[in-house]
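Below: one structure, written as structure tokens.
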Amino acid sequence: MKLDILVLAAHPDDAELCAAGTIAAHVNMGRKVGIVDLTRGELGTRGNADIRQKEAEAAAQAMGLSVRENLGFDDGFFKNDRDHQLEIIKVIRKFQPNIVLANAVADRHPDHGRASQLCKEAFFLSGLPKIETNVDGENLEAWRPNRMYHYIQSSYLNPDFVVDITDYWDVKMKAIECFASQFYDPQSDEPSTFISSQNFMKLVESRAIEFGVVIGKTYGEGFTVDRTMGVTDLGHLV
């Protein structure tokens, strides 16, 4: 299946927290969007990997994804090395996306920045024909997407552009709420974490409001870019 947008995420729920509105907006435009999670989030303090898998499947339905897969890398310990790069290359070549969304270039969780760099390097290498990627006896053709953008996570980064998600805020929240094991639940007896506090969900909304304000909308999601962007129609800028 060819995707228009491939979202790469270190953990199940990364994409939902930071890009679910953008995903839902593009699905509504008729674009095919998929998520590939790098790990199962097995080191998460609350819940477990099996629960996270079921939550990820529910969130995929909420956002209308065309596909969701998991590479099963070691949570917390995956590396930016040849073996891991090749697995990402296979994913990019398999789905041949035009656009890739990836983790924040820097964040409080070390997996996020490392995943960002891993995906960035695989993005480039995927376009080199001399790198062979055999899957089930078939060599996948070289493919380099047109663009890679990085969503913004817990640590504040100045966005290079903001997507208006006002009409898709409810979808974003529905997708986030699918990960009930991870977030605030007054009935839970599991240990408290940074993302399970009431204030974390306030952060998610306040960040979306702030990004919305800067483009004159109600809610927004911010992204950073490694290269200068260009436009052909000033009328498309909001």
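The values are calculated or read from the model by the stated rules, or taken from the named source; none is laboratory data. Bear in mind the structure is a predicted one, so any value in this text is a computation, not a measurement. As a convention, Cβ positions derive from the backbone with ideal geometry for all residues, glycine included, and neighbour counts pool all protein chains shown. Side chains included, ligands, DNA and RNA excluded: accessible areas come from the protein's heavy atoms. Shrake-Rupley method; radii C 1.70, N 1.55, O 1.52, S 1.80 Å.
Tabulated data
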{"quantity": "Convex hull (Cα only) mean projected area of the chain, reported in nm² to one decimal", "calculated": "13.0 nm²"}
{"quantity": "Selected from F77, Q61, N98, residue furthest toward positive end of dipole (region 30-125; charges at beta carbon)", "calculated": "N98"}
{"quantity": "For region 16-30, 3J(HN,Hα) per residue [Karplus equation, 6.51 cos²θ - 1.76 cosθ + 1.60, θ = phi - 60°, Hz, x = Gly/Pro]", "calculated": "5, 5, 10, 9, 4, x, 5, 4, 4, 4, 6, 4, 5, 7, x"}
{"quantity": "Accessible surface of the chain, 1.4 Å probe, proportion on carbon and sulfur as whole %", "calculated": "49 percent"}
{"quantity": "Residue with peak Gaussian network fluctuation, the chain [Cα springs, cutoff 10 Å], from T22, T224, T45", "calculated": "T45"}
{"quantity": "Net length gained if the chain between Y156 and D81 were fully extended (0.36 nm per residue, minus Cα distance)", "calculated": "24.2 nm"}
{"quantity": "Accessible area of region 196-238 divided out per residue, in Å², using a probe of 1.4 angstrom", "calculated": "65 Å²"}
{"quantity": "Spacing of the two label points (7 Å from each Cα toward its C-beta) at D170 and Q198, in nm", "calculated": "2.5 nm"}
{"quantity": "Charge sum, other residues only, whose C-beta stays under 13 Å from V225's C-beta, Lys/Arg counted +1 and Asp/Glu -1", "calculated": "+1"}
{"quantity": "Heavy-atom surface of region 1-158, accessible at 1.4 Å and reported per residue (Å²)", "calculated": "44 Å²"}
{"quantity": "Accessible surface of M1 - all protein chains present, 1.4 Å probe, nearest 10 Å²", "calculated": "120 Å²"}
